[in-house]
Amino acid sequence: MTGEIEPGGARATLRGVLGAGALNMNPAVVDVELEPQPGGGSVVTLRAAAKEGLIPQRIARKAVRRVLESYARAAGGGLSPPS
């Protein structure tokens, strides 16, 4: 994983590779961007990319779902991933 925080703490970016797809064997690159809002709180943007084989497995979507599910477990279940 690599990370970067802009000077002044305006934005933070984290990039990592995690397994997704069948048996979590296919690598997917996932970017998590955090941007603070003026009134408090933050906007989180998740992006993922993965190379598909002959049979589409929607690997990038599954990688984003894994990140969201992991966050939900850490936060006590207050977040449900999109379908």
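Any residue at all in region 27-38 that's of a type in the set (D, E, K, R) and either modelled with pLDDT under 90 or exposed (fewer than 11 other Cβ atoms within 10 Å of the Cβ) (or both)? Please lay out each step first, then the result.
Step one: of region 27-38, the residues of a type in the set (D, E, K, R) are 31, 33, 35.
Remaining after also requiring either modelled with pLDDT under 90 or exposed (fewer than 11 other Cβ atoms within 10 Å of the Cβ) (or both): 35.
Scanning region 27-38, I find at least one residue that is of a type in the set (D, E, K, R) and either modelled with pLDDT under 90 or exposed (fewer than 11 other Cβ atoms within 10 Å of the Cβ) (or both), so the answer is yes.
Against the condition in a strand (DSSP E or B) and at pLDDT 85 or above, how does Arg66 come out, does it pass?
Considered against the rule, which asks whether it is in a strand (DSSP E or B) and at pLDDT 85 or above, Arg66 comes out as no.
If only one of Gly3, Gly16, Gly21, Gly9 is at pLDDT below 85, small (Gly, Ala, Ser) and surrounded by 14 or more Cβ atoms within 10 Å (Cβ to Cβ), which one is it?
That would be Gly21, the only listed residue that is at pLDDT below 85, small (Gly, Ala, Ser) and surrounded by 14 or more Cβ atoms within 10 Å (Cβ to Cβ).
Restricting attention to region 71-81, which residues are surrounded by 12 or more Cβ atoms within 10 Å (Cβ to Cβ) and within 22 Å of Arg11 (Cβ to Cβ)?
From region 71-81, those surrounded by 12 or more Cβ atoms within 10 Å (Cβ to Cβ) are 71-72, 79, 81; that's our starting set.
Once the filter is applied, which keeps residues that are surrounded by 12 or more Cβ atoms within 10 Å (Cβ to Cβ) and within 22 Å of Arg11 (Cβ to Cβ), region 71-81 yields Tyr71, Leu79.
The values are calculated or read from the model by the stated rules, or taken from the named source; none is laboratory data. All of these numbers come straight from a predicted model, not from anything done at the bench. Please note: Cβ atoms are built from the backbone with ideal geometry, for glycine as well, and neighbour counts cover all protein chains shown.
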